[in-house]
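The values are calculated or read from the model by the stated rules, or taken from the named source; none is laboratory data. Just so you know, these numbers come straight off a predicted model, no measurement behind them. Virtual Cβ from ideal backbone geometry, glycine too; neighbours counted across all protein chains shown. We work out accessible area using only protein heavy atoms, side chains counted, and drop any ligands, DNA or RNA first. Shrake-Rupley method; radii C 1.70, N 1.55, O 1.52, S 1.80 Å.
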Amino acid sequence: MTHQVHAFEPPERFVAGTVGPPGERTFFLQARGGGRLVSVALEKVQVSLLAEKLEELLTEAQRRFGVDLPEAPTSLGDNEPLDTPVDEEFRVGTLGLAFDADTATVVIEAIAVGEAEAEIELGESEEDDEPDDVEPDEDLDRLRVRLTPEATRAFIERARRVVNAGRPPCPLCGQPLDPAGHLCPRNNGYHR
């Protein structure tokens, strides 16, 4: 089976967003450009880590290459919903980041879940005969986006807003509170 590389260098729009009510949200990365729209699904923690690691990458690029970094946006920036239709191309298993010093751009690559990752997630892997540092399979679909430092900073801010827009945390245990409350382990199982 052939794999697809969805490349946007640069995209007209690249954002993190969600579909569904808090507690049941599905997270997406969405790229639009050249008349194409690609949406890939991923986990909330992946969006959060992506924003964190992009911030670290920009800081390191400034330190090593002297790249001028834009300040954090003072306005809300792109606060529009995801473009429709939101059709999942694939589920992200691996995220890769790089800084291209020649063009002063950030490269983000989202790679589909591979067979080995799917087996581990489903608990079907019986033996661990692969080392932990195996490179992602080259036959997997991927989304590749190249962003300027300004566009990267805007993506980081939006990703953080999207992650924090979910259910508020319980002040005692930190677990998400549903509208009807939850059974708090720090409250001896009483409904909070």
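See the values below:
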quantity: Residue ID - most open to solvent (accessible area, probe 1.4 Å), chosen from residues in segment 85-101 that are at pLDDT 95 or above and in a loop (DSSP other than H, G, I, E, B); calculated: D87
quantity: Where a residue in segment 137-156 is among the acidic types (D, E) and its partner, wherever it lies, is open to solvent by 60 Å² or more (accessible area, probe 1.4 Å), with Cβ under 6 Å and at least six apart; calculated: D139/H3; D141/H3; D141/Q4
quantity: Failed condition for T2, given (1) closer than 14 Å to D141 by Cα; (2) modelled with pLDDT of 95 or more; calculated: (2)
quantity: Yes/no for V67 being modelled with pLDDT of 95 or more and of a type in the set (V, I, T); calculated: no
quantity: Selected residue (criterion: most open to solvent (accessible area, probe 1.4 Å)) from residues of segment 162-183 that are in contact (Cβ under 8 Å) with a residue 12 or more places away in the chain and within 22 Å of the chain's Cα centre (by Cα); calculated: R167
quantity: Residues located in segment 8-24, provided they are more than 15 Å from A154 (Cα to Cα) and at pLDDT 95 or above; calculated: F8, T18, V19
